[in-house]
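Peer 1: Quick one: the structure is below, and I'll ask about it shortly.
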Amino acid sequence: MIEAKNLTKRYGDKTAVNDLSFTVEPGRVTGFLGPNGAGKSTTMRLLLGLDKPDAGEATVNGVPYRDLARPLRVVGALLEARAVHTGRSAYDHLLCLAQTQGIGRRRVEEVIEQVGLASVARKRAGGFSLGMGQRLGIAAALLGDPAALVLDEPVNGLDPEGILWIRNLMKSLAAEGRAVFVSSHLMNEMAVTADHLIVIGRGRLVADCSTEEFIEQSTEQSVLVRTPDGALLAELLKGKGAAVTTTDEGDLDVTGLEAARIAELAAADGLVLHELSTRRGSLEDAFMELTKDAVEYDAGVPTAGGVK
C-alpha cells in the first residue's frame, strides 16, 4: 500500500503539492490524473524519496522509501524509461540493478522474458526504440517482484500494440494483489485501465473515487432519441421538464428524463420511436469539467466538449 499524508512541497514561492493525502490500495489500478503543472511528477518523486517534502509524509507499506533496506523488493518505479546507460545491454542494465538488491540472474532473465525483450536482451539500450525502452523500464520496475508499482506515463509514445500490452500487464499485476499507481494524460486509456482515480489540480486533491463514480458525478447522462415525430416529442418532453436539442442528423438529445420515462410518454401519445440509447459522458469530459479551474496553462483552444 502506498500512502501520502498531508504532503506539501514548495519550490521558492511556488507550492507544487499542497497538503495532499491519499491511499493507493492493493489489488487495483489507481490512475493519477491532473492538468499540466498540477503536481503529479512532484508527488511521485516525493513518494519515491527523490524529493523531500516540506510537510507531511509518504510511505510504502508504512515505511518511508528512504528507510527501505532493499527498495526494489518493495516498490518498483518507472519515472523516466530512458534513464539508462546507452552503452549497456538491456541484460547488463537489469543485472546491475539486481546486484544492488541481492537479486539473482534468474530473476533478470524472467523479467526480460516477461516484457518481451528476450530477442534483444544483449543489444545496447541506446539503440532501442521508444517502445522497447518502455519495456525495459517496466522490467526494471518488476525486477524485485514488488508489491507496489509507481508508473509515470508508461504508455507515452507507444504504438497500439505496446499500449495494449502495458494495459493488460497493469491489470494482471493488480489482479495478483499489487498496488499499481499510474499517471497518464491519455483519458481514453485510463478509462479502460484504472479501477480508481486520484485527481489533483494545483497541488490539491480534487477527487478520490472509483473511475465510474468520477464519470457519473462529473457528467450528465443524456438520451439519444430517433423518431419520425421529433417536433411533437420534443414539445412533449420539454413540457415534462426535459432539456431537448436536435442533432445534425435530426435526432433528439434529451437530458433530465431517463430513457424508460421517455418511452412511456411517447407511447401514451402514440408517438413512434425508432431508437432510444442512453449516453453518459466520457472520462475526458468529466476530467475537463472538474479541473477547468485548476489548469495552469490555458492555450485558449476549445476541446471537443467545448471547454477551454
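The values are calculated or read from the model by the stated rules, or taken from the named source; none is laboratory data. These figures come from a predicted structure and were not determined experimentally. Note that we place each Cβ from the backbone using ideal geometry, even for glycine, and neighbour counts take in every protein chain shown.
Peer 1: Working only within segment 260-277, note down all residues that are surrounded by fewer than 13 Cβ atoms within 10 Å (Cβ to Cβ) and not in a loop (DSSP other than H, G, I, E, B).
Peer 2: Answer for segment 260-277, where residues must be surrounded by fewer than 13 Cβ atoms within 10 Å (Cβ to Cβ) and not in a loop (DSSP other than H, G, I, E, B): 260, 264, 267, 268, 275, 277.
Peer 1: Return yes or no: is residue 126 surrounded by fewer than 14 Cβ atoms within 10 Å (Cβ to Cβ) and in a loop (DSSP other than H, G, I, E, B)? Let's see the steps before the verdict.
Peer 2: On the way: surrounded by fewer than 14 Cβ atoms within 10 Å (Cβ to Cβ): yes; in a loop (DSSP other than H, G, I, E, B): no.
Spelling it out, it is not the case that residue 126 is surrounded by fewer than 14 Cβ atoms within 10 Å (Cβ to Cβ) and in a loop (DSSP other than H, G, I, E, B).
Peer 1: Still on this structure: Can you name every residue in segment 168-206 that is small (Gly, Ala, Ser), at pLDDT 95 or above and out of contact with any Gly (no Cβ under 8 Å at 6 or more places or on another chain)?
Peer 2: Scanning segment 168-206 gives a single hit, 172.
Peer 1: Picking from 155, 150, which residue would you name as being β-branched (Val, Ile, Thr), surrounded by 19 or more Cβ atoms within 10 Å (Cβ to Cβ) and assigned to a loop (DSSP other than H, G, I, E, B)?
Peer 2: Going through 155, 150 in turn, the sole match is 155.
Peer 1: Another question, if that's okay. Out of the residues in segment 113-160 that are farther than 19 Å from residue 65 by Cβ, β-branched (Val, Ile, Thr) and in contact with a Leu (Cβ under 7 Å, 6 or more places away or on another chain), state the one that is modelled with the highest pLDDT.
Peer 2: Only one residue fits best here, namely 138.
Peer 1: Still on this model: Would you confirm whether any residue within segment 15-35 is under 21 Å from residue 141 (Cβ atoms), among the basic types (Lys, Arg), touching an Asp or Glu at 6+ places or on another chain (Cβ under 6 Å) and in contact (Cβ under 8 Å) with a residue 40 or more places away in the chain?
Peer 2: Yes - at least one qualifying residue is present in segment 15-35.
Peer 1: Also, quick follow-up: Which of (1) surrounded by 18 or more Cβ atoms within 10 Å (Cβ to Cβ); (2) in contact with a Ser or Thr (Cβ under 8 Å, 6 or more places away or on another chain); (3) in a helix (DSSP H, G or I); (4) outside the structural domain of residue 44 (by TED's automatic domain parsing) does residue 289 not meet, given it meets every other one?
Peer 2: Only one criterion is unmet by residue 289, namely (1).
Peer 1: Based on what the data block shows, is residue 107 in contact with a helix residue (DSSP H, G or I) (Cβ under 7 Å, 6 or more places away or on another chain), in a loop (DSSP other than H, G, I, E, B) and of a type in the set (Lys, Arg)?
Peer 2: no
Peer 1: Would you please name the residue that is nearest to residue 76 (Cα to Cα), looking only at residues in segment 11-23 that are over 21 Å from the mean Cα position of the chain (by Cα) and surrounded by 14 or more Cβ atoms within 10 Å (Cβ to Cβ)?
Peer 2: The qualifying residue nearest to residue 76 (Cα to Cα) is 19.
Peer 1: While we're looking at this one, here's another question. From the list 8, 59, which one is under 24 Å from residue 145 (Cβ atoms) and over 16 Å from the mean Cα position of the chain (by Cα)?
Peer 2: Checking each option against the conditions leaves just 59.
Peer 1: Is there a residue being under 31 Å from the mean Cα position of the chain (by Cα) and either surrounded by fewer than 20 Cβ atoms within 10 Å (Cβ to Cβ) or part of a helix (DSSP H, G or I) (or both) anywhere in segment 238-247?
Peer 2: In the first step, residues of segment 238-247 are kept if they are under 31 Å from the mean Cα position of the chain (by Cα); the result is none.
No, that holds for no residue.
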